[in-house]
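The values are calculated or read from the model by the stated rules, or taken from the named source; none is laboratory data. On a predicted model such as this, the values are computed, not experimentally measured, just so you know. Here the Cβ is made from the backbone with ideal geometry for all residues, glycine too, and neighbour counts use every protein chain on show. Quick note on the areas: whole protein, heavy atoms, side chains included, nothing else; ligands and nucleic acids left out. Shrake-Rupley method; radii C 1.70, N 1.55, O 1.52, S 1.80 Å.
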Amino acid sequence: MTDTKTKQKPGRQVLLKFALLLALLVGYFIYLSLKFDIATGGIAAALTWSFFVLCTPVADAGFLLDFPLRLLFGIRMVRAEMAVWTIAITLNIATLLLAPDYYQTTLITRVFHQILLTPWPYWGVIALSAVGTFLSVRFGDELMDILHHRDRSFFHAHHFKYELVLVAFFVMVIFGYYELIASLGIEELL
């Protein structure tokens, strides 16, 4: 009976995280819509979402789509994250070509604009974020598979070593990411 409760708890935590992220995005959209107008608020919120997709090395913004698709339809989070990245990239190409002024609405979108317009070295932020995101999503998919199948043999000797290599690589990605972010000079933009 205790084992059943512990199996349900991570599901509730994940559902709570999803609900909080969704509420945060909706709240941010409402705030920006009141500050500017609905169109500007919507575009600025979408650009902010795409910033968190493309410029953070974990699947935080993509989680809004990855998790429900995994639970409802069994679509692996890695595939869903590929769709999320496609949407985010398409959104930014369209905005850069058609309405680049929307990047000037918030501090985050201004920093994002700087990253997008400076291929060297700042596209490295996007590259490192892609590596980190897909490593974390892959690990999340494996973890959900294990929990779903109640497979407790996760830490077989050869598999555990492989996971340690992935974790070490992820730590190196995070270190490189923070070095690049620090070089953006965000303090000057404040």
FRET efficiency for L96 and R12, using Cβ-Cβ distance with R0 set to 30 Å, rounded to 0.05: 0.15
Fraction of accessible area attributable to carbon and sulfur, region 18-101 (%, probe 1.4 Å): 79
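Give me the extension gain from R79 to K35: residue separation times 0.36 nm, minus the current Cα-Cα distance, reported in nm with one decimal. Mind dumping the intermediate values first?
Numbers: separation 44, 0.36 × 44 = 15.84 nm, distance 3.56 nm.
Contour length minus the Cα-Cα distance gives 12.3 nm.
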Residue order for S50, S183 - accessible surface, 1.4 angstrom probe, largest first: S183, S50
